[in-house]
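Okay, structure first, notes after.
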Amino acid sequence: MKLGFVGLGQMGFGMAANLIKAGHELSVYNRTAEKAAKLVALGARLSPTPADAARGAEAVVTMVADDKALEAVVFGPSGFLSTLPHGAVHVSASTISVAIAEKLTEAHHSASQYFVAAPVFGRPDAAAAAKLYVAAAGAPEALARVQPIFAAIGQRTFLLSDQPSAANLVKLSSNFLIASVIESLGEAVALVAKGGIEPEAYIELLTSTLFGAPVYKTYGGLIAEQKFSPPGFAAILGQKDVRLVLEAAETLNVPLPLASLLRDRFLALLAQPGGAALDWSAISTLARRDSGQ
């Protein structure tokens, strides 16, 4: 396929590289052009603007940090809404709000284009290895056309709905669950550590018995080793996702008491010097701090 790709951060770079390796023709755009050098060496074309990256493409994939960044590359002065061909598909792999997904669905429909929400599950190592999980939603004909994209970046795709925003709601709720695991692990580790038990041994017991899921193994290891830099997923993005899940919950009149706690945990971490540059699993350090360790 002839594709545009916008956003070459830790996740986007690996995804774009795997699309090239799968034989797709890629035009890439990133605010920091230097990040595209290795992709150009693999055969990608560097585009000066998002609009140029999407020109003539069958689909354009976006992997940017937040709603504001996504609106800029779609609707901004050099955005691609006006250059993406009629009938082409915008695949948003970012974790964004339900509200912006609904706005994009309407805007692309008005422009005779398709919008597919396809947020991904996995950290940068999974993106590099083409082992992401894709949660996709959109018009069935659009989903069928972009299946080769999903096959190139991930190990399994879940088709959720013909309404794109459904995928974003699922992704936000899932990130809320991950943050909840991080917080509870942090509290449990603080407890046993103050009782004289080595965190590494405790995490080994947990993940070898009742808590063998990848989320416990990945974040349990980071918490036990206190390995929060460089971040695989920055704390400031974790705070953003908790804020967005609370916004979605308020719209639907669904109380999320634990999400409110997590919001405050992330704000406390971000208030510390250097906190925004740490992995989001660093909220686990707050329980040990509160316990006097």
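Restricting attention to the range 141-159, does a residue exist that is among the small types (Gly, Ala, Ser), surrounded by fewer than 22 Cβ atoms within 10 Å (Cβ to Cβ) and over 26 Å from residue 21 (Cβ atoms)? No, the range 141-159 has no match at all.
The single condition among (1) within 20 Å of the chain's Cα centre (by Cα); (2) surrounded by fewer than 17 Cβ atoms within 10 Å (Cβ to Cβ); (3) more than 29 Å from residue 230 (Cα to Cα) that residue 112 does not satisfy is (1).
Which is assigned to a helix (DSSP H, G or I), out of contact with any Leu (no Cβ under 9 Å at 6 or more places or on another chain) and either surrounded by 22 or more Cβ atoms within 10 Å (Cβ to Cβ) or of a type in the set (Gly, Ala, Ser) (or both), of 41, 51, 37? The conditions single out 41.
Look at residue 139 and say whether it is over 16 Å from the mean Cα position of the chain (by Cα) and either more than 25 Å from residue 226 (Cβ to Cβ) or not assigned by TED's automatic domain parsing to the domain that holds residue 251 (or both). Break it down into steps so the answer makes sense when it comes.
On the way: over 16 Å from the mean Cα position of the chain (by Cα): yes; either more than 25 Å from residue 226 (Cβ to Cβ) or not assigned by TED's automatic domain parsing to the domain that holds residue 251 (or both): yes.
Criteria met by residue 139.
Every condition in (1) of a type outside the set (Lys, Arg); (2) under 19 Å from residue 132 (Cα atoms); (3) in contact with a His (Cβ under 9 Å, 6 or more places away or on another chain) is met by residue 54 except one, and the failing one is (2).
Can you name the helices (runs of 4 or more DSSP H) wholly within the range 197-293 that have at least 3 residues being touching a residue at least 40 places away in the same chain (Cβ under 8 Å)? Give the steps one after another, and end with the answer.
Details: elements: 199-208, 214-225, 235-251, 257-271, 285-290.
It comes to 214-225, 235-251, 257-271, 285-290.
Could you grab me the full set of residues in the range 58-86 that are touching a Lys or Arg at 6+ places or on another chain (Cβ under 9 Å) and not hydrophobic (A, V, I, L, M, F, W, C)? Result: 58, 66, 67, 71, 83, 85.
For the range 254-283, the candidate set comprises residues that are within 13 Å of residue 179 (Cβ to Cβ) and among the polar types (S, T, N, Q); within that set, the residue that is surrounded by the most Cβ atoms within 10 Å (Cβ to Cβ) is 281. Restricting attention to the range 218-253, the residues that are surrounded by fewer than 16 Cβ atoms within 10 Å (Cβ to Cβ) and either touching a helix residue (DSSP H, G or I) at 6+ places or on another chain (Cβ under 6 Å) or in the same structural domain as residue 100 (by TED's automatic domain parsing) (or both) add up to 0.
Looking at the range 142-169, which of its residues are more than 16 Å from residue 2 (Cα to Cα), under 16 Å from the mean Cα position of the chain (by Cα) and of a type in the set (A, V, I, L, M)? If the condition is that a residue be more than 16 Å from residue 2 (Cα to Cα), under 16 Å from the mean Cα position of the chain (by Cα) and of a type in the set (A, V, I, L, M), then 166, 167, 169 are the ones that fit.
For residue 241, indicate whether it is farther than 18 Å from residue 190 by Cα, touching a Phe, Trp or Tyr at 6+ places or on another chain (Cβ under 8 Å), at pLDDT 95 or above and not hydrophobic (A, V, I, L, M, F, W, C). Yes. Contact map, the range 88-106: residues that are at pLDDT 95 or above paired with residues that are in a loop (DSSP other than H, G, I, E, B) and of a type in the set (Val, Ile, Thr), Cβ distance under 6 Å, separation 6+ or inter-chain. Pairs shown: 89/146; 91/146; 94/64. Taken as a whole, the structure leaves residue 177 outside the set of residues that are in contact (Cβ under 8 Å) with a residue 60 or more places away in the chain, of a type outside the set (S, T, N, Q) and in a helix (DSSP H, G or I).
The values are calculated or read from the model by the stated rules, or taken from the named source; none is laboratory data. Source: prediction; values computed, not measured. Using ideal geometry, Cβ is built from the backbone for each residue, glycine included, and neighbour counts are taken over all protein chains shown.
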